[in-house]
1. Over the stretch 40-123, what percent of the accessible surface lies on carbon and sulfur atoms, probe 1.4 Å?
2. Which number do you get for Rg(Cα) / (2.2 N^0.38 Å) in the chain?
3. Under 18 Å Cα-Cα from Lys42, which aspartates and glutamates qualify once same-chain neighbours fewer than 8 residues away are excluded?
4. May I ask for log10 I(q)/I(0) of the stretch 55-123 at q = 0.24 Å⁻¹, from a Debye sum over the Cα atoms as equal point scatterers with solvent left out?
5. Taking amide H positions as placed 1.01 Å from N in the peptide plane, with prolines and chain starts having none, which residues 5 or more places from Ser104, or on another chain, fall under 5 Å of its amide H?
6. How many nm is it between the label spots at Arg30 and Trp52, if each spot is 7 Å from the Cα in line with the beta carbon?
7. Counting only heavy atoms of protein chains, what accessible area per residue, in Å², does the chain have with a probe of 1.4 Å?
8. What full-extension length gain, to one decimal in nm, is calculated for Lys105 and Asp61 as 0.36 nm per residue of separation minus the Cα-Cα distance?
Amino acid sequence: VQLQASGGGLVQAGGSLRLSCVASGGIFRRYQMAWFRQAPGKEREFTADTNWSGVTTWYADSVKGRFTISRDNAENTVYLQMNSLKPDDSAVYYCAADTSVSFSKDRASYDYWGQGTQVTVSS
């Protein structure tokens, strides 16, 4: 399974970005899909996750109410809509796929990773 993330960039605080992650080489609709992020000098941290249908989602407390994860199984794509961005949201954002059916915030649970896309929020 290959994951290709895109959509990062430079945005001012309070602005919005939409990240996309396209999957190929597997059965996308079977996977839990998540976004993680990693700021310089910090651990990679869980950000958001969605189950196979997109009906059930989970968020880190730091992004709840501002970020929305969604997926389009027909397009093999998962999205992360990020609103009201803050400088603390600056990081490299990674999409990840978990072939199990259970939710996890632990990055060790995820089997496949995209290459990351940089998000920079200026104050």
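1. Carbon plus sulfur share of accessible area: 46 percent.
2. Values: Rg = 13.2 Å, N = 123, 2.2 N^0.38 = 13.7 Å.
Ratio of Cα Rg to 2.2 N^0.38 Å: 0.97.
3. Asp61, Asp88, Asp89, Asp106
4. Summing over Cα pairs of the stretch 55-123 leads to -1.41.
5. Result for Ser104 returns nothing.
6. Using points 7 Å along Cα→Cβ, the separation is 0.8 nm.
7. Details: 6230 Å² over 123 residues.
That works out to 51 Å² per residue.
8. Values: separation 44, 0.36 × 44 = 15.84 nm, distance 1.20 nm.
Length gained, Lys105 through Asp61: 14.6 nm.
The values are calculated or read from the model by the stated rules, or taken from the named source; none is laboratory data. None of these values were measured; they are calculated from a predicted model. So basically every Cβ, Gly included, is an ideal-geometry build from the backbone, and we count neighbours across all protein chains shown. These accessible areas exclude ligands, DNA and RNA; they are computed on the full protein's heavy atoms, side chains included. Shrake-Rupley method; radii C 1.70, N 1.55, O 1.52, S 1.80 Å.
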